[in-house]
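Contents: one structure, followed by commentary.
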């Protein structure tokens, strides 16, 4: 990663962004620095179609943008060039009565490429297309590497080789990976585009939700996709090996559109093998040195794969005190820490771990969630306090050595789902780990549990993995079903509590 990032934001462009927008445009298109959009043109775009103008903000600096118009379908069907489709750069071709979202510009600053920020803007464009009930997204993509092959290949031959991945084109390869298909080749499309020999490829993405009768797709996301990782304990050579295996799973679950990737408790334990010559207490404190590098790397992966990551847990030293802690790395680049509240006798005796003292929920782009670690799920007060704050999904990274321990976690997690009218997702480690003291064997069956009512599975189990086998579990949970349950369930557990007789409250905020 080429830049230290604290926060990433995707939002609509504002005229106040123009100075930074201009600088990023010029840095992104150095060969076309005289053809950037001027402030008057941007003001016009924002006046006629503010919803279609997007920017990526990294640490309060504009690092990318995607600009669009809505145009009539017949205009796209005709052969056209860039000047014609933009109305000679006046945007007179824009009309809300059109059926096509036409992309007129997209860029990411070179310093911030490789983080899939462009993909994030394209996903947002797709949402705009759906929300405005448009038939498709169309744009003419440059082919900037074509100039290197123009003497030997026709544009058609070049495009075919890019499709077959024999040639990489930084623009066309990206568009094809984002579900756009080639409509035709455009000649003399953008004057001055010498790298592309002024050729462009007209590309299209079709909106499967398009309906002739106007219909806006609901913007409030109710179905959340969870990607749970049942992690196989294995010897790892070093931290890079851990990152490689972790990224494999994050890539896999994000590829299926997951909103969360969830790792188990203490899944980094294999790295402790290098310290097996030390006492168990000293070895785990050496392992704690990895906490900050792991947090930083998972922050980067959350941005790059556009997914919220729950990092399971790891030993973490704070001012000399050892905690069992983890991080919620959000896809906007921010992160928050959570700590295990209740420490098992084994963790105290062998490692000297101290319990945390903050009970909290976390706000995410998928609603309010709670995170507790393993043994914590056996104490119903924690999740009840979180439910009172509006938690919809409770995540429980866990690590159990025997089936007895797993049974406690499983049945307590199911109870928490029922009594708090929420989803509970548990993720654990499996397999054996030689040469690491106090971490010999693991048993797990990762699962997602639901409340028990007619809208949910009769056994309260949404899905579960094969026990003791490394795999992922990808599950959709519907938050609207929880809303229905709260108001119209067969029983209303949260509403029917006797506050006149008892109540639970935090003694420390």
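Based on C-alpha pairs under 8 angstrom that are at least 6 apart in sequence, the chain has a relative contact order of 11 percent. Of interest is the spacing of the C-alpha centroids, which for the stretch 323-361 and the stretch 38-66 amounts to 40 Å.
Distance between the pseudo-spin-label points of residue 474 and residue 348 (7 Å out from Cα toward the beta carbon): 4.3 nm.
At 0.36 nm per residue, and after removing the present C-alpha to C-alpha distance, how many nm does the segment from residue 177 to residue 411 gain when stretched out fully? Don't jump to the answer; show the numbers that get you there.
Working: separation 234, 0.36 × 234 = 84.24 nm, distance 4.27 nm.
Full-extension gain reported as 80.0 nm.
Estimated from the Cβ-Cβ distance and a Förster radius of 45 angstrom, the FRET efficiency linking residue 23 and residue 274 is about 0.45. Neighbour counts of other Cβ atoms within 10 Å put 224, 474, 15 in the fewest-to-most order 15, 474, 224. When both bridge partners sit in the stretch 223-488, DSSP labels roughly 65% of those beta bridges antiparallel.
Counting only DSSP beta bridges whose two residues both lie in the chain, roughly 75 percent are antiparallel. Cβ-to-Cβ counts within 10 Å put 89, 112 in ascending order as 89, 112, the fewest first.
FRET efficiency for the pair residue 206 and residue 38, taken as 1/(1 + (r/R0)^6) with r the Cβ-Cβ distance and R0 = 35 Å, rounds to 0.55.
Here residue 131 and residue 508 are evaluated by their C-beta separation; at R0 = 45 Å the FRET efficiency comes out at 0.55. Seen against the Cα atoms of the chain and their longest principal axis, helix 239-255 is set at about 70 degrees.
Note on 26, 233: ascending count of other Cβ atoms within 10 Å places them as 26, 233, the fewest first. Measure nothing but the geometry: give the 0 to 90° angle between the long axis through the Cα atoms of 39-48 and the longest principal axis through the Cα atoms of the chain, rounded to 10°. The helix 39-48 is inclined about 70 degrees to the chain.
What is the helix-to-structure angle for 18-28, meaning the angle in degrees between its Cα long axis and the longest Cα principal axis of the chain, kept from 0 to 90 and rounded to the nearest 10? Compared with the principal axis, the helix lies near 80 degrees. Looking at the stretch 8-206, the DSSP beta bridges with both ends there are about 90 percent antiparallel.
Here the spin labels are modelled as points 7 Å beyond Cα on the Cα-Cβ line, and at residue 251 and residue 404 they lie 4.2 nm apart.
Readers should treat all values here as calculations from the given coordinates under stated rules, not as data from a laboratory. Keep in mind the model is a prediction, meaning the values are calculated, not measured. Neighbour counts are summed over all protein chains in view; Cβ atoms, including those assigned to glycine, are modelled from backbone coordinates with ideal geometry.
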